[in-house]
Protein chains: 4
Amino acid sequence: MSKTEVTTLTAADIQKMLDVSPFNLFLGLTVMDADPVKQEVTMRSAMRPEFERRPGSKQWHGGVIASVIDTVGDFAVGMMVGRGLPTVNFRVDYLRPAVDTALVAVSRVRRAGKSVGVADVDVFDEKGSLLAIGRGTYSTLDTK
Amino acid sequence: MSKTEVTTLTAADIQKMLDVSPFNLFLGLTVMDADPVKQEVTMRSAMRPEFERRPGSKQWHGGVIASVIDTVGDFAVGMMVGRGLPTVNFRVDYLRPAVDTALVAVSRVRRAGKSVGVADVDVFDEKGSLLAIGRGTYSTLDTK
Amino acid sequence: MSKTEVTTLTAADIQKMLDVSPFNLFLGLTVMDADPVKQEVTMRSAMRPEFERRPGSKQWHGGVIASVIDTVGDFAVGMMVGRGLPTVNFRVDYLRPAVDTALVAVSRVRRAGKSVGVADVDVFDEKGSLLAIGRGTYSTLDTK
Amino acid sequence: MSKTEVTTLTAADIQKMLDVSPFNLFLGLTVMDADPVKQEVTMRSAMRPEFERRPGSKQWHGGVIASVIDTVGDFAVGMMVGRGLPTVNFRVDYLRPAVDTALVAVSRVRRAGKSVGVADVDVFDEKGSLLAIGRGTYSTLDTK
């Protein structure tokens with residue numbers, strides 16, 4: 001497969017793929033932007049009661065934030081490769097509590113190679129404060 | 001605080017703490033074992049449709065597996081320290097697809113220091129195959 | 001300790017600290033820039049035969065690159081805190097082979113908290129190609 | 001390539017491969033054991049003055065420990081695959097200072113797949129205290 005044959009995914013493509021996945025639907029991810037030139041994807045997720053770490057706290061459980069990071073990073077690399085990808089591994093660092101806010105997650109591709117891709121994800125609150133950061137490796141191997 | 005003052009958590013303590021957290025309730029975690037001598041905590045989580053990566057696939061979304069890892073590792077270190085802890089960061093590696101199975105997650109404390117603790121988490125299917133592994137750092141600092 | 005009491009490190013301070021450490025001396029790190037406003041530190045390391053992965057290959061061994069990442073990230077957070085810091089953990093991702101080039105490592109602080117700090121490190125070749133990326137957590141706890 | 005065609009590496013094979021690599025020679029790694037049934041490789045590295053974090057401290061610089069982890073993990077997966085491998089990424093967690101001791105690093109393969117392998121590495125001092133832990137992903141893809 002030559003490189004020119006790759007059709008990158010649009011925001012609408014990614015939204016459609018998210019919306020058929022039960023857990024991604026639960027995360028309530030909305031694609032805000034998908035830019036193959038900047039190699040960046042931005043998604044938004046609104047708080048819901050099931051996401052809380054403690055009842056009534058409006059604080060996001062770290063697992064939900066990790067799930068958002070995994071998914072946004074996946075589709076950032078996936079955008080460049082033209083399909084959703086298996087995650088090889090990822091790391092998440094929690095910087096500040098995420099309380100009473102929607103999350104805005106911006107993922108930037110650091111490398112989209114033939115066998116693996118790497119993406120960084122910055123997670124912000126609605127006011128632009130950095131809450132958490134992620135870094136993931138995804139399998140880009142064409143197994144067909 | 002002297003070291004002898006620490007009261008480790010029991011399986012019942014941990015279960016009680018899990019069951020007041022909306023997202024941990026959603027994960028459906030059951031504490032199977034909490035052993036402060038071996039410094040190991042084991043939990044089980046059954047599949048539910050909202051966890052699926054793709055509809056009807058019975059395959060766990062990686063984000064749910066990451067969430068289980070974060071939580072089980074947290075309570076392994078937390079067991080030794082006597083309370084739930086903020087996650088500093090964690091890494092998850094996916095080894096095999098998790099399909100049509102409950103998850104059994106075993107976490108072992110690698111170090112429970114005065115400011116941070118580190119735990120490993122192995123996630124198995126019901127037949128004992130290793131599906132994913134995690135490693136997390138948790139803040140053990142007593143801020144009171 | 002109030003925040004205003006912190007004196008950030010200058011490039012000369014950092015260079016002096018590097019040059020009393022035997023292994024950092026071996027790495028041959030030169031501080032190019034240390035900017036506490038941008039919270040960024042840049043260092044350069046020239047190739048030497050002992051760094052090679054294979055003899056005559058001029059390819060950097062990954063362990064040397066990891067060592068550079070650990071050190072540059074440490075002094076980025078350390079610059080903000082006013083001293084060298086113990087590393088809690090770090091991750092390194094290798095993106096492209098580093099061959100026949102000096103390394104330029106740019107570290108940016110993502111958070112400098114009271115107990116831990118987090119820094120990202122991008123490692124470039126002399127032409128500006130991204131070779132490897134790191135992310136580290138350092139203990140900022142004042143134990144005095 | 002069928003699985004039966006793979007010839008695993010012996011301790012002598014690994015030692016020979018280490019000893020042609022300038023940086024691995026600098027690390028002074030000795031293969032103590034290479035067991036393809038347990039999927040474990042153990043190496044030892046003695047302290048030398050160039051490894052010190054601070055002069056006269058006899059404390060290992062974290063970068064050297066990270067380098068040992070990278071290399072031992074690499075050859076653990078490599079043993080199973082029959083050759084040395086490119087590192088995709090790795091994480092190291094420092095648990096206790098490594099002072100006035102040789103290092104004994106034990107790596108266990110967690111998965112040796114067709115495109116990537118994952119290995120854990122535990123680093124001990126000579127008395128058996130756990131000093132640091134690593135987890136690495138290595139490319140097992142046969143590019144020939």
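What follows draws every value from the coordinates through simple rules; no lab data is involved. All of these numbers come straight from a predicted model, not from anything done at the bench. Counting neighbours? That spans all protein chains shown, and the Cβs are built from the backbone with ideal geometry, glycine included.
When each copy gets a label point 7 Å from Cα toward the beta-carbon at A:D35, what are the spacings between them in nm, shortest first?
Inter-copy label distances (nm, one decimal, shortest first): 2.0, 5.3, 5.4.
By how many degrees, 0 to 90 and rounded to 10, does the Cα axis of helix D:62-81 deviate from the longest principal axis of chain D?
20
By counting other Cβ atoms within 10 Å of each Cβ, how are D:E52, A:E50, B:E40 ranked from fewest to most?
Least to most surrounded, the residues fall as A:E50, B:E40, D:E52.
Assuming a ≥ b ≥ c are the square roots of the Cα gyration tensor eigenvalues, decide whether the protein assembly as shown counts as rounded (a/c under 1.5), prolate (otherwise, with a/b larger than b/c) or oblate.
Rounded, since a/c falls under 1.5.
Using the number of other C-beta atoms within 10 angstrom as an exposure proxy, rank A:R54, C:R135, D:R53 with the fewest first.
Fewest-to-most ranking of A:R54, C:R135, D:R53: A:R54, D:R53, C:R135.
Ranked from highest to lowest mean number of other Cβ atoms within 10 Å per residue, what is the order of the peptides B:118-126, C:125-133, C:20-28, C:60-68?
C:60-68, B:118-126, C:20-28, C:125-133
Run lengths n ≥ 4 of DSSP H only: what is the helix-derived mean residue ellipticity at 222 nm for chain A, with -39500 (n - 2.57) per run over all residues, to the nearest 500?
Helix contribution divided over all residues of chain A: -7000 deg cm²/dmol.
Could you work out the mean count of beta carbons from other protein chains within 10 Å of each residue's beta carbon in D:66-75?
If you average over the peptide's residues, the count of other-chain Cβ atoms is 4.
Sketch the reach of a paramagnetic label on C:V99 as a point 7 Å from Cα along Cα-to-Cβ, and name the residues of region D:121-144 whose backbone nitrogen lies under 17 Å away.
D:143-144
At 7 Å along Cα-to-Cβ for each site, give me the label-to-label distance between B:T143 and B:L130 in nm.
3.5
Would you count, across chain A, every pair of lysines whose alpha carbons are under 27 angstrom apart, provided the pair is eight or more residues apart or spans two chains?
Step by step, the pairs that qualify in chain A add up to 11.
List the distances, in nm and shortest first, from the label point of D:A102 to the matching label points in every other copy, placing each point 7 Å from Cα along the Cα-to-Cβ direction.
Output for D:A102: 3.8, 4.7, 6.1 nm, nearest copy listed first.
Using a basic spin-label model with each label point 7 Å from the Cα along Cα→Cβ, how many nm lie between C:T30 and D:V20?
Taking the simple label geometry, C:T30 and D:V20 are separated by 3.4 nm.
If you put a point 7 Å past Cα along the Cβ direction, how far is that point for D:G113 from the same point in each other copy, in nm, smallest first?
Distances to the matching label points in the other copies: 1.5, 3.1, 3.2 nm.
Which whole number gives the average, over all residues in C:21-29, of C-beta atoms from other chains lying within 10 Å of the residue C-beta?
Rounded to a whole number, the mean comes out at 5.
For chain A, go through all pairs of different Cα atoms, get the mean of 1/r, take its inverse, and jot down that Kirkwood value in Å.
After inverting the mean inverse Cα-Cα distance, the result is 15.2 Å.
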